[in-house]
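I have placed the structure first, in the form of structure tokens, so that the comments after it can refer back to it.
Read-outs throughout are calculated quantities, based only on the coordinates presented, and are distinct from any laboratory measurement. Computed from a prediction, not measured in an experiment: that's the story for all the values here. Every residue, glycine as well, gets a Cβ built from its backbone with ideal geometry; the counts of neighbours run over all protein chains shown.
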């Protein structure tokens, strides 16, 4: 510590190490948050349901998605990425997950929301197995932190089904 | 800085940085604001660097007393035991 440069270097490296430590503790503190989110989805309308020329089924839905994700936000949350996926089983695949809608929630104020929309991404099957198909709608979320570990979870809502014939 | 001053500066730097980090973390956690934690810590780093890096007089209170050259010559440096080094001046008594 005998010169200006020596002390400046020591201070710089020590301060950065301590910064890493407090960011680590801040990320660890997220584990003490026990979230209690709620969500509900209604399929308001099947707009159309067709078999495409290449042989795959496609359906267009109008959805009413409402959720309360306030408890997911902590002091260390930058944003929450949320998406809705339709999940079902076909003879070809034991699990199909098709993302229908996603969004970014930038803050706690925006996390209690209600959205009325058609599906943002196309609901297309690999093949032609959608007629009369029962499917789950699962709302997934990724809590993206300002620093540290990202937490992800989901809510499964079951009981939805597609019509038995094309429209 | 003298030796005591260096020790003081180093200890002060470590203590102040850890203290500001702890205060910043607790304040940020309680207020629920990550930005507050970072601001308090950044202010602490700047304050610590202003106090411990420059050569303030308080770090020079125990200066080393180097001998005057004329006095130092009376006490020759110890000779290396193996091969002799460069020829030393003859010591005056």
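Using the Kirkwood radius built from alpha carbon pairs, what does the Stokes-Einstein equation give as D for the protein assembly as shown at 20 °C and 1.002 mPa s, in µm² per second? Please report the intermediate quantities before stating the final value.
Details: Rh = 24.7 Å.
Stokes-Einstein gives a translational diffusion coefficient of 87 µm²/s.
Would you mind giving the mean number of other chain beta-carbons within 10 Å of the Cβ of each residue in B:59-66, as a whole number?
Averaged over the peptide's residues, the number is 0.
Efficiency by 1/(1 + (r/R0)^6): what FRET value for residue B:3 and residue B:39, r their Cβ-Cβ distance, R0 = 51 Å, to the nearest 0.05?
0.90
Using only atoms on other chains, find how many Cβ atoms lie within 10 Å of each Cβ of peptide A:10-18 and report the average. Don't skip to the end; give the middle numbers.
Values: counts 6, 11, 3, 0, 7, 12, 1, 1, 10.
So the per-residue partner count for this stretch is 6.
What average number of partner chain Cβ atoms lie no more than 10 Å from the Cβ of the residues making up A:141-147? Kindly include the intermediate steps, with their values, before the conclusion.
On the way: counts 0, 0, 0, 0, 1, 3, 2.
Partner Cβ neighbours, averaged per residue: 1.
Over chain A, what is the relative contact order in whole percent, taking alpha-carbon pairs under 8 Å and six or more residues apart?
Computed over chain A, the figure is 24 percent.
Expressed in nm to one decimal, what extension gain is obtained for the pair residue B:23 and residue B:64 from 0.36 nm per residue of sequence separation less their Cα-Cα distance?
Here the segment from residue B:23 to residue B:64 would lengthen by 11.0 nm.
Most mobile of A:30, A:54, A:153 per a Gaussian network model of chain A (Cα springs, under 10 Å)?
A:54
Ratio to report: Rg/Rh of the stretch A:1-62, with Cα atoms as the point set and Rh obtained by the Kirkwood method; give two decimals.
1.58
Using 7 Å Cα-to-Cβ label points, what is the residue A:12/residue B:50 separation (nm, one decimal)?
2.1
So what does log10 I(q)/I(0) come out to for chain B at q = 0.22, 0.24, 0.25, 0.26 Å⁻¹, using the Debye formula with one equal point on every Cα and no solvent?
-1.00, -1.08, -1.13, -1.18
Under the rule of -39500 (n - 2.57) per DSSP H run of 4 or more residues, summed and divided by the residues of chain A, what mean residue ellipticity at 222 nm is obtained, to the nearest 500 deg cm²/dmol? Can you show the working numbers first?
Working: 1 runs with 25 residues, N = 167.
Theoretical 222 nm ellipticity from helices: -5500 deg cm²/dmol.
So how far, in whole Å, is the C-alpha centre of the stretch B:1-54 from the one of the stretch A:88-105?
So the two Cα centres are separated by 50 Å.
Name the shape class, rounded, prolate or oblate, that the alpha-carbon gyration tensor gives for the stretch A:43-167, where a ≥ b ≥ c are the square roots of its eigenvalues, rounded holds for a/c under 1.5, and otherwise prolate holds if a/b is larger than b/c and oblate otherwise. Walk me through the intermediate numbers first.
On the way: a/c = 2.71, a/b = 2.07, b/c = 1.31.
Prolate.
Can you give the extra length, in nm with one decimal, that the chain gains between residue A:144 and residue A:48 once fully stretched, where that is 0.36 nm per residue apart less the Cα-Cα distance?
Working: separation 96, 0.36 × 96 = 34.56 nm, distance 3.55 nm.
Length gained, residue A:144 through residue A:48: 31.0 nm.
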